[in-house]
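Working notes, structure below.
The values are calculated or read from the model by the stated rules, or taken from the named source; none is laboratory data. Predicted model only: the values in this text are computed from it and were never measured. Cβ coordinates were reconstructed from backbone atoms using ideal geometry, including for glycine residues, and neighbour counts include every protein chain displayed. Only protein heavy atoms, including side chains, enter the accessible area calculation; ligands, DNA and RNA are left aside. Shrake-Rupley method; radii C 1.70, N 1.55, O 1.52, S 1.80 Å.
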Amino acid sequence: MGKKDACAARLPVEQYRKQIGKQDYKKTKSALRATRLKAEAKRSAPGIRDTVLVVVAILVFLLSVYAFFYLNLSTEIDLDVDVD
């Protein structure tokens, strides 16, 4: 009688874990391996977004330097021209 009552009073967390375990067991080993490899590759691989952000930052910096020198040189040429 005591065993029966003890088993019936399981925690909901344990029941949930048991259900998840059953569902996970139904998957094939190859599917589990593919899921694990995909998650690992996603964590370890450098993101394309990070690479694009670095390239864009470098291009913006170079464009600003170019614009700075272009504007400085173009204003000096305009100041040297005298109108008679």
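Taking region 29-52 and a reference point 7 angstrom along Cα→Cβ of Leu62, the backbone N atoms nearer than 15 Å belong to 52. Taking 7 Å steps out from each Cα toward its Cβ at Asn72 and Lys27 produces label points 5.9 nm apart.
Accessible area per residue (1.4 Å probe, heavy atoms of protein chains only) ranks Lys22, Lys38 as Lys38, Lys22, with the largest value leading.
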